[in-house]
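**Q** Right, I'll just put the structure down here and ask away after.
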Amino acid sequence: FKWLHLYGQGGNKSWTGGTGSIPVTGSGLSDSKFGLAVGLPTLGRWQGISLSASTVIPTGDEALGLSEGTGSRQAELTVSHRLWQNSQLPEMNIHLSMGKRWNGNEAGFGNYGAGQFQSWYPLYPAGKDFTLLSGAVEFRREKVDMFFEYNEAQLSDVPRAEWHRSLSAGFHWGGHTGWGMSLNYEVPLGRDLPETEFIAAYPDVITSISFS
């Protein structure tokens, strides 16, 4: 069905340049994620609305802090608008999303305590869920998509400086069916505040390579 998208993903995470309680280098399996997205009726072919839901399956290496150790759920609403198509310039789309992530680990998850080396999204203190906001600009030409994106995961009663906020850029080659490859370069904007208990140990950059 064109209006229904099902997906599953898993992978391996590795890091370098660790300091303090985080080893200098390391790697291990990460959690898996399964979800679906449903396209909703719109007013015209230039607009798009989708509702997505997903769940995290704790398949990662919990000893290395690469697994939440329990499932987390997420729901998101995305509104898209196509600015132009069939011109000399690449097709351009704008996407705006808002959602909620119900974090499953009641003790919190992140770089705190012995053996907890997690230092990228998701990081959250005990009993906190994410309110998700994001915006992206996408350029498409035949089988190549290029995008620029801003993401924000808000935490109540946590200073905005320690939220997961990031700017990213990347591309996907291969269209939307068949084999494909994606490359994403992400720069986290959040930083740790020493006066708070939550340790927002975000890395300097995150590079992701995916095959689908």
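The values are calculated or read from the model by the stated rules, or taken from the named source; none is laboratory data. Owing to the predicted nature of the structure, the values given are computational and were not obtained by experimental measurement. Every residue, glycine among them, receives a Cβ derived from its backbone with ideal geometry; neighbour counts consider all protein chains shown. These accessible areas exclude ligands, DNA and RNA; they are computed on the full protein's heavy atoms, side chains included. Shrake-Rupley method; radii C 1.70, N 1.55, O 1.52, S 1.80 Å.
**Q** In the list V137, V158, which residue meets the criterion of being modelled with pLDDT under 95, β-branched (V, I, T) and either in contact with a Phe, Trp or Tyr (Cβ under 9 Å, 6 or more places away or on another chain) or under 28 Å from W15 (Cβ atoms) (or both)?
**A** Result of the check over V137, V158: V158.
**Q** Then there's this: Determine which member of the set T131, T42, T59, T55 is at pLDDT 90 or above, at negative phi and not in a strand (DSSP E or B).
**A** The unique qualifying residue is T59.
**Q** Sticking with this one: Out of everything in the range 8-34 that is open to solvent by less than 70 Å² (accessible area, probe 1.4 Å), in a strand (DSSP E or B) and among the hydroxyl-bearing types (S, T, Y), what residue ends up being farthest from S212 (Cα to Cα)?
**A** The extreme case among them is S27.
**Q** Still on this structure, I have one more. Could you count how many residues in the range 30-46 are under 23 Å from G110 (Cβ atoms) and basic (K, R)?
**A** Residues in the range 30-46 being under 23 Å from G110 (Cβ atoms) and basic (K, R): 1 in total.
**Q** Continuing with the same structure: For the range 35-52, which residues satisfy the criterion of being under 20 Å from A153 (Cα atoms) and open to solvent by 50 Å² or more (accessible area, probe 1.4 Å)?
**A** Within the range 35-52, just L51 meets the criteria.
**Q** Moving on. Name the single residue, out of those in the range 1-30 being of a type in the set (F, W, Y) and modelled with pLDDT of 85 or more, that is nearest to the chain's Cα centre (by Cα).
**A** By that ranking, first place goes to Y7.
**Q** Right, next: What number of residues within the range 83-110 are farther than 23 Å from R140 by Cβ, touching a Phe, Trp or Tyr at 6+ places or on another chain (Cβ under 9 Å) and open to solvent by less than 50 Å² (accessible area, probe 1.4 Å)?
**A** 7
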